[in-house]
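What follows is a single structure, written as structure tokens, with notes after it.
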Amino acid sequence: MAVSSVRNRLVFYAGDMVFAEGEEGNWAYLIQSGSIEIFKTRPDGGEHSLALLGAGRLFGEMALIDELPRSASARAAVTTTLVLIDNKILTNSLEKADPLVIELIRNLSNNLRATTRRHVDESAANIKAEPRPYLGPRLS
């Protein structure tokens with residue numbers, strides 16, 4: 001949880017969750033300093049790391065673009081300062097954009113969601129498919 005907040009900035013400490021997969025997204029975030037890990041929870045309950053983002057990177061924008069729940073979780077890897085980007089700011093910018101550009105952005109967002117989902121599912125299947133170690137003959 002954020003411990004300190006100054007206007008439109010929040011500070012998160014290592015391990016603090018910024019948001020969880022499935023939550024509604026009202027903000028995007030710009031990393032001012034520090035780093036954020038983006039990850040998904042696998043069906044077996046483990047985690048699948050998708051990215052480690054550093055200063056200057058934007059994240060959390062997909063939920064604002066397509067108005068769907070968060071597709072992954074985000075947590076601070078180290079002490080991190082984030083600048084909040086309100087949904088209104090993004091909406092105002094998109095209202096000024098060409099409709100073709102808006103459709104392109106939405107398609108990219110949908111494709112990224114699908115690709116990420118498929119990647120995590122394949123990763124989970126590979127974990128299940130790993131051979132078991134030989135433990136010796138079975139005793140009946």
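For this structure, a couple of remarks:
- Verdict on GLU37 being more than 16 Å from PHE12 (Cβ to Cβ), out of contact with any Phe, Trp or Tyr (no Cβ under 9 Å at 6 or more places or on another chain), open to solvent by 30 Å² or more (accessible area, probe 1.4 Å) and of a type in the set (Asp, Glu): no
- Checking each residue in segment 18-50 for being assigned to a loop (DSSP other than H, G, I, E, B) and under 9 Å from the mean Cα position of the chain (by Cα) picks out ALA20, GLU21.
- Count - residues of segment 55-87 that are surrounded by fewer than 17 Cβ atoms within 10 Å (Cβ to Cβ) and not aliphatic (A, V, I, L, M): 7
- Criterion violated by GLU47 - all others in (1) touching a strand residue (DSSP E or B) at 6+ places or on another chain (Cβ under 6 Å); (2) under 23 Å from VAL11 (Cβ atoms); (3) without any contact (Cβ under 8 Å) to a residue 40 or more places away in the chain satisfied: (2)
- Residues that are at pLDDT 95 or above, closer than 17 Å to VAL83 by Cα and open to solvent by 50 Å² or more (accessible area, probe 1.4 Å), drawn from segment 18-29: none
- Scan of segment 57-104 for residues that are free of Cβ contacts under 8 Å to residues at least 60 places away in the same chain, part of a loop (DSSP other than H, G, I, E, B) and within 16 Å of the chain's Cα centre (by Cα), ordered by number: ARG57, GLY60, GLU61, GLU67, LEU68, PRO69, ARG70, SER71, ALA72
- Counting only residues that are open to solvent by 70 Å² or more (accessible area, probe 1.4 Å) and assigned to a strand (DSSP E or B), segment 7-17 holds 2 of them.
The values are calculated or read from the model by the stated rules, or taken from the named source; none is laboratory data. Quick caveat: nothing in here was measured; it's all calculated off a predicted structure. Reconstructed Cβ throughout: ideal geometry from the backbone, glycine too, with neighbour counts over all protein chains shown. Areas reflect the complete protein model, heavy atoms only, side chains present, ligands, DNA and RNA absent. Shrake-Rupley method; radii C 1.70, N 1.55, O 1.52, S 1.80 Å.
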